[in-house]
1. In the set LYS101, LYS108, LYS113, which member is within 19 Å of ILE14 (Cβ to Cβ) and basic (Lys, Arg)?
2. What number of residues within the range 87-107 are assigned to a helix (DSSP H, G or I) and among the acidic types (Asp, Glu)?
3. Can you pull out the residues in the range 73-117 that are out of contact with any helix residue (DSSP H, G or I) (no Cβ under 7 Å at 6 or more places or on another chain) and within 18 Å of MET48 (Cβ to Cβ)?
4. Within the bounds of the range 21-44, is there any residue that is under 30 Å from GLU123 (Cβ atoms), without any contact (Cβ under 8 Å) to a residue 40 or more places away in the chain and in contact with an Asp or Glu (Cβ under 8 Å, 6 or more places away or on another chain)?
5. In this structure, is GLU61 surrounded by 15 or more Cβ atoms within 10 Å (Cβ to Cβ) and among the acidic types (Asp, Glu)?
6. Would you mind finding the one in ALA54, ALA44, ALA32, ALA104 that is under 28 Å from SER2 (Cα atoms) and small (Gly, Ala, Ser)?
7. State which residue pairs qualify: first residue in the same structural domain as GLU123 (by TED's automatic domain parsing) and inside the range 99-113, second residue in a helix (DSSP H, G or I) and surrounded by 11 or more Cβ atoms within 10 Å (Cβ to Cβ) in any location, beta carbons under 8 Å apart, and separation of 6 or more residues or different chains.
8. Going by the conditions given, is GLU13 without any contact (Cβ under 8 Å) to a residue 24 or more places away in the chain and not basic (Lys, Arg)?
Amino acid sequence: MSKLSDEATTVAEIKSRVLVFAQERDWEQFHAPKNLSMALAAEAGELMEHFLWASSEESREMVNDPVKRAKIEEELSDVIIYALEFANMTGIDVAAAIERKMAANAAKYPVEKAKGRSVKYDEL
């Protein structure tokens, strides 16, 4: 398997690799949206577990520790893999969905109201 990088790899290429991996193992039969969404949530929980009880600053430091970072990268990869397999199994175009969501977020969180604030859109 060739080395991938964010700069040189498309979402379609990663989705394809994820799909082929599942197909080679005949796992598509288990990949109903319900199951994939639950697996995604479980993996997100495993990612969060690395930061449990850490302060915001401690969490920033943790990602710079090579040993901890490797474990965090593994959990983040699991989250992304399940999200991409969910997209594969449901026919969701990830880039198009993100584009629509970012446009909706820009409308809900205009820069002039939201910049530097962490409140929800209905509190701006």
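The values are calculated or read from the model by the stated rules, or taken from the named source; none is laboratory data. All figures in this text were calculated on a predicted structure; none of them were measured in a lab. Cβ placement follows ideal geometry from the backbone for every residue including glycine, while neighbour counts extend to all protein chains displayed.
1. LYS101
2. Result for the range 87-107: 1.
3. Listed by number, the residues that qualify are GLU73, GLU74, SER77, ILE80.
4. No; the residues of the range 21-44 include none that is under 30 Å from GLU123 (Cβ atoms), without any contact (Cβ under 8 Å) to a residue 40 or more places away in the chain and in contact with an Asp or Glu (Cβ under 8 Å, 6 or more places away or on another chain).
5. Answer is no for this residue.
6. Being under 28 Å from SER2 (Cα atoms) and small (Gly, Ala, Ser) holds for just one of ALA54, ALA44, ALA32, ALA104, which is ALA44.
7. Between residues of the range 99-113 that are in the same structural domain as GLU123 (by TED's automatic domain parsing) and residues that are in a helix (DSSP H, G or I) and surrounded by 11 or more Cβ atoms within 10 Å (Cβ to Cβ), the close pairs are LYS108/TYR121; TYR109/TYR121.
8. Judged against the criteria, GLU13 is a match.
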